[in-house]
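Participant: Before I ask anything, let me first share the structure, which is written out below as structure tokens.
The values are calculated or read from the model by the stated rules, or taken from the named source; none is laboratory data. Please read these numbers as outputs of a predicted model, since none were measured by experiment. A quick note on method: Cβ atoms are made from the backbone with ideal geometry, for glycine too, and the neighbour counts reach across all protein chains shown. Calculation scope for accessible area: heavy atoms of the full protein, side chains included, ligands and nucleic acids excluded. Shrake-Rupley method; radii C 1.70, N 1.55, O 1.52, S 1.80 Å.
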Amino acid sequence: MCGTIDLERIRREREEAIEAERQAREQRRVVAPLEEMVASGRVPHTVADLMNPNLVTMSGDTSVEDAMHLMREQRISSVVVQPTADDEETGWGIMTQRDVISRVVSATKKPNQVRISEAATRPLITVPEDTSLLDCAERMGSDNIRRMVVVDTQGHPIGIISDTDIFASVEQFGLPE
């Protein structure tokens, strides 16, 4: 019995398998946070529980046309707009499909000649990541908006939550406490 077992290889393979499963769980949480919560038995309480962390940010100097292409390719309805030197005072913004329709199309402007900083809504309306879903829903209703950008403790955008996310959560879990 002179066989050798490569314990280091077995340990390494086990750690790699655990890491791969963790990454797969995280990807499922990002793609379908509500479904992953149902599967894990967790109930969402804050915007961080439901937000989509795949926030797309773009320079305010980008043309609306380029942003529109990206939005269609990625199947998203908004982009977060970084401040340019001209609008540092107003800070971050958001450009939604609705903004493009109301500020570019209905104004008969050419999307390739308009910068997203001109079409964006500013200032960006944000909520901290620990905001309750009820508080977020109240704010959306009072401000008549469909999505809010979630910020970390330093005020940096880290995700987005929409009325659709909250609607699905309430339908699935009931009204949060």
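Participant: Taking springs between alpha-carbon atoms closer than 10 angstrom, which of Glu35, Glu13, Glu73 fluctuates most in the Gaussian network model of the chain?
Facilitator: So, out of Glu35, Glu13, Glu73, the one fluctuating most is Glu13.
Participant: If each residue of separation counts as 0.36 nm, what is the full-extension length gain between Ser132 and Lys109 once their alpha-carbon separation is subtracted? Spell out each step's value before the answer.
Facilitator: Details: separation 23, 0.36 × 23 = 8.28 nm, distance 3.94 nm.
Stretched fully, the Ser132-Lys109 segment lengthens by 4.3 nm.
Participant: Compare Glu36, Glu19, Glu65 in a GNM of the chain, Cα atoms joined below 10 Å, and give the one with the largest fluctuation.
Facilitator: In the Gaussian network model the winner is Glu19.
Participant: Another one. With a probe of 1.4 Å, find how much accessible area the chain has per residue, and write the answer as a whole number in Å². Let's see the in-between values first.
Facilitator: Numbers: 11380 Å² over 177 residues.
Solvent-accessible surface per residue comes out at 64 Å².
Participant: Once every Cα of the chain carries one equal point scatterer and solvent is ignored, give the base-10 log of I(q)/I(0) from the Debye formula at q = 0.12 Å⁻¹, two decimals.
Facilitator: Taking Cα atoms of the chain as identical point scatterers yields -0.65.
Participant: Could you give me the ³J(HN,Hα) list for segment 160-167, computed from phi with Karplus coefficients 6.51, -1.76, 1.60 and θ = phi - 60°, whole Hz, x at Gly and Pro?
Facilitator: 9, 10, 10, 4, 5, 4, 5, 4
Participant: May I pose another question? In nm, to one decimal, how far is the modelled label at Arg139 from the one at Ser63, with both set 7 Å along Cα→Cβ?
Facilitator: About 3.5 nm, to one decimal.
Participant: If I take R0 = 30 Å and measure r between the Cβ atoms of Glu73 and Glu13 in this structure, what FRET efficiency does the formula 1/(1 + (r/R0)^6) give, to the nearest 0.05?
Facilitator: 0.20
Participant: For an R0 of 22 angstrom, estimate the FRET efficiency from the Cβ-Cβ distance between Leu175 and Arg42 and round to the nearest 0.05. Spell out each step's value before the answer.
Facilitator: Details: r = 17 Å, r/R0 = 0.75.
For Leu175 and Arg42, the calculated efficiency is 0.85.
Participant: While we're here: Sticking with the crude label model, points 7 Å out along Cα→Cβ, report the distance from Thr153 to Asp6 in nm, one decimal please.
Facilitator: So the label points at Thr153 and Asp6 sit 4.4 nm apart.
Participant: Between Arg146 and Ala20, how high is the FRET efficiency from 1/(1 + (r/R0)^6) when r is the Cβ-Cβ distance and R₀ = 25 Å? Nearest 0.05. Show your work: numbers first, answer last.
Facilitator: Values: r = 36 Å, r/R0 = 1.44.
With a Förster radius of 25 Å, E is 0.10.
Participant: Could you sort the peptides 151-163, 45-57, 115-127 by per-residue average Cβ neighbour count (10 Å cutoff), highest mean leading? Before the final figure, lay out the partial values.
Facilitator: On the way: 151-163: 15.9, 45-57: 17.9, 115-127: 20.3.
Result, highest mean Cβ count within 10 Å first: 115-127, 45-57, 151-163.
Participant: Size of the dipole of the chain about the Cα centre, Lys and Arg at +1 and Asp and Glu at -1 on the beta carbon, nothing else charged, in debye to 20?
Facilitator: Numbers: 20 positive and 31 negative charges, 111 e Å.
So the magnitude is around 540 debye.
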